[in-house]
Amino acid sequence: MTRRIVRTRRADEDLIAIWQSIAAEDLAAADRILDAIDARCQQLPRHPFSGPAKEDIGRGMRHLVAGHYMILYRIESEIICVVRVLHDRRRLRIDG
């Protein structure tokens, strides 16, 4: 079964914040980073278990890395839910 990708509102907010932060200095770099994150996410329907488990931050959580960003996601019955997208130096919190 191929699952579709769904992002939480918080993941969308993370992506907007990432783009705005980088775009303040370099628009092209901001676009490249979001493209790299998106490319990693697009691999998930074919390889949903490719990201290692991250159970220490939430049951069923897994992660992928795109540059300095960690894509946190959960595999559900019909979807792959991207929960957060965080810089690797940020303290991991799903709720905030």
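What follows draws every value from the coordinates through simple rules; no lab data is involved. Quick caveat: nothing in here was measured; it's all calculated off a predicted structure. Backbone-built Cβ (ideal geometry, glycine too); neighbour counts: all protein chains shown.
Points worth noting:
- Count of the stretch 39-84 residues, restricted to those that are aliphatic (A, V, I, L, M) and in contact with a Pro (Cβ under 7 Å, 6 or more places away or on another chain), is 2.
- Residue that is surrounded by 12 or more Cβ atoms within 10 Å (Cβ to Cβ), free of Cβ contacts under 8 Å to residues at least 24 places away in the same chain and of a type in the set (A, V, I, L, M, F, W, C), where the choices are Ala17, Ala36, Ala28, Ala66: Ala17
- If you check Ile75, Ile79 for being surrounded by fewer than 18 Cβ atoms within 10 Å (Cβ to Cβ), out of contact with any strand residue (DSSP E or B) (no Cβ under 6 Å at 6 or more places or on another chain), under 15 Å from Val6 (Cβ atoms) and of a type in the set (A, V, I, L, M), only one passes: Ile75.
- Single unsatisfied condition, Arg46 versus (1) in a loop (DSSP other than H, G, I, E, B); (2) in contact with a Phe, Trp or Tyr (Cβ under 7 Å, 6 or more places away or on another chain): (2)
- Of all residues making up the stretch 1-29, the number that are aliphatic (A, V, I, L, M) and in contact with a strand residue (DSSP E or B) (Cβ under 8 Å, 6 or more places away or on another chain): 5
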